[in-house]
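Reviewing the structure listed below.
What follows draws every value from the coordinates through simple rules; no lab data is involved. What you see is a predicted model, and the numbers here were worked out from it, not measured in a lab. We place every Cβ from the backbone using ideal geometry, glycine too, and count neighbours over all the protein chains shown.
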Amino acid sequence: MTLANGHLKDVVSSDALSRDDLEVLLDSAARFALKPLSESSFIAGESVVIYMNKASTRTRLASESAVAHLGGTPIFVRGDELQIGRGETIADTARIISNFAKAFIIRTYAHDDVNEFAKWASIPVINALTDDDHPTQLLADWVTIREVFGKKVSGRKFTYLGDGNNMANAWMLMGARLGAHIVIATPPGKWAPNNAVIDRAQKIAREHGGAIEISHDPESAVRDASVLYTDVWMSMGDDESVRSEKLRDLAPFAVNQKMLDLTASDSIFMHCLPAHRGQEVTAEVIDGAKSVVWRQAFHRRTTIQALLFHLINKDLRGTV
Ligand code: CP
Ligand code: NVA
């Protein structure tokens, strides 16, 4: 959503940030990595509400420490602690939170609930993961990628292997805007990414010099890739009844040393975490020399700090 005077108010989707916004945020995050307290009185005396209806280790701790680094106080609440858990509307809850906070960070199930919060809140709303997207994770991923390879993406392949879930969507949408050649390899059918997201990402890629390739062949997808990314196979919100079928179908898409050996010689392995060693990735790969997963997790704080700073400062322009 964009306010009338042209600045971006919310980041609900990995499609929300313009190419210029991404450059601003990735550069700022790199600066906050070097000087975490360079804006330590930015929101002194103010609060940021962090609301979660799903478990979180990284996003919660990164968000709370990002707020603290900006001089503010994080207020963490779970949905069932608020009256919204007893039927108060999103609109009314959003109006109340807007009275008490400079920004609202939300992790929940339905993506439309975040849109509804953004509609009624007068403060910035940041999506901290829904069933459909995970934009703050992608910012951390791209700062990490740039630390390794620099800003130039041409001639490189960025492959995501596994479930066509919220991370696959986010990987396509933000990678497309950065002009990257993105490959998503999933089993065909019900674990493949949503067609509307693929179409949208392909349109963005055409406008920004990137490419979106959808594959069902794990070996050709990973061949010569610079980045090999994977995520859990059972996401929060997935119905337990699909577990055995899903794990069986995804088994050929597991990241192991044989897969990693097919990638480019300077490749890196990425995972948003939490990981399930022995399922989507072997311990040898995630704990091996090419893995940058701890650096990705580190950048969850620097990027959320940058996002809070620039959204509250009304510096971003958005894509609409
Ligand atoms: N990557 C990520 O979002 O981790 P958490 O679920 O622990 O927040
Ligand atoms: N796809 C995973 C990502 C966790 C960070 C989930 O939604 O549970």
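Annotations for the structure displayed:
- Thr263 more than 18 Å from Asn166 (Cα to Cα) and touching an Asp or Glu at 6+ places or on another chain (Cβ under 8 Å): yes
- Against the conditions (1) more than 16 Å from ligand 2 (Cβ to nearest atom); (2) surrounded by 16 or more Cβ atoms within 10 Å (Cβ to Cβ); (3) not hydroxyl-bearing (Ser, Thr, Tyr), Glu23 satisfies every one except (2).
- Within the stretch 46-64, residues that are within 8 Å of Phe76 (Cα to Cα) reach partners that are more than 7 Å from ligand 1 (Cβ to nearest atom) and assigned to a loop (DSSP other than H, G, I, E, B) with beta carbons closer than 6 Å, at six or more positions or on different chains, in the pairs Val49/Ala101.
- Cβ pairs under 9 Å, 6+ apart, first in the stretch 188-209 and among the aromatic types (Phe, Trp, Tyr), second not in a helix (DSSP H, G or I): Trp191/Gly162; Trp191/Asp163; Trp191/Gly164; Trp191/Asn165; Trp191/Trp233
- For Ala29, the criteria (1) within 24 Å of Val148 (Cβ to Cβ); (2) within 16 Å of ligand 1 (Cβ to nearest atom); (3) assigned to a loop (DSSP other than H, G, I, E, B); (4) in contact with a Ser or Thr (Cβ under 8 Å, 6 or more places away or on another chain) hold in every case but one, which is (3).
- Residue that is nearest to Lys314 (Cα to Cα), among those in the stretch 33-44 that are of a type outside the set (A, V, I, L, M) and without any contact (Cβ under 8 Å) to a residue 12 or more places away in the chain: Ser38
Yes or no, residue by residue, for (1) away from ligand 2 (no atom under 15 Å from the Cβ); (2) of a type in the set (A, V, I, L, M); (3) more than 18 Å from the chain's Cα centre (by Cα):
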{"site": "Arg156", "(1), (2), (3)": "yes, no, yes"}
{"site": "Leu161", "(1), (2), (3)": "no, yes, no"}
{"site": "Asn169", "(1), (2), (3)": "no, no, no"}
{"site": "Gly175", "(1), (2), (3)": "yes, no, no"}
{"site": "Ile182", "(1), (2), (3)": "yes, yes, no"}
{"site": "Gly189", "(1), (2), (3)": "yes, no, yes"}
{"site": "Asn194", "(1), (2), (3)": "no, no, no"}
{"site": "Val197", "(1), (2), (3)": "no, yes, no"}
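- Gly45 meets all of the listed conditions (1) over 15 Å from Val12 (Cα atoms); (2) of a type outside the set (Val, Ile, Thr); (3) assigned to a loop (DSSP other than H, G, I, E, B); (4) in contact with a helix residue (DSSP H, G or I) (Cβ under 6 Å, 6 or more places away or on another chain) but one, namely (4).
- All positions within the stretch 161-211 that are away from ligand 1 (no atom under 16 Å from the Cβ), within 17 Å of Leu250 (Cα to Cα) and out of contact with any Gly (no Cβ under 9 Å at 6 or more places or on another chain): Leu161, Gly164, Val183, Pro188, Gly189
- Look at the stretch 217-240: where a residue is free of Cβ contacts under 8 Å to residues at least 60 places away in the same chain and over 17 Å from Val293 (Cα atoms) and a partner is more than 8 Å from ligand 2 (Cβ to nearest atom) and in a helix (DSSP H, G or I), sitting 6+ places away or on another chain with Cβ atoms under 7 Å, you get Pro218/Pro252; Pro218/Phe253; Pro218/Met259; Met234/Arg243; Met234/Lys246.
- Enumeration of residues in the stretch 276-285 that are in contact with a strand residue (DSSP E or B) (Cβ under 8 Å, 6 or more places away or on another chain) and surrounded by 13 or more Cβ atoms within 10 Å (Cβ to Cβ): Glu280, Val281, Thr282, Val285
- The stretch 296-317 - residue that is within 16 Å of ligand 2 (Cβ to nearest atom) and of a type in the set (Lys, Arg) and, of those, surrounded by the fewest Cβ atoms within 10 Å (Cβ to Cβ): Arg301
- Meeting the requirement of 1 or more residues that are surrounded by fewer than 20 Cβ atoms within 10 Å (Cβ to Cβ), away from ligand 1 (no atom under 14 Å from the Cβ) and on the phi < 0 side of the Ramachandran plot, the strands (runs of 3 or more DSSP E) wholly within the stretch 51-155 are 73-78.
- Being touching an Asp or Glu at 6+ places or on another chain (Cβ under 7 Å), in contact (Cβ under 8 Å) with a residue 24 or more places away in the chain and either of a type outside the set (A, V, I, L, M) or on the phi < 0 side of the Ramachandran plot (or both) is a condition met by at least one residue of the stretch 241-252.
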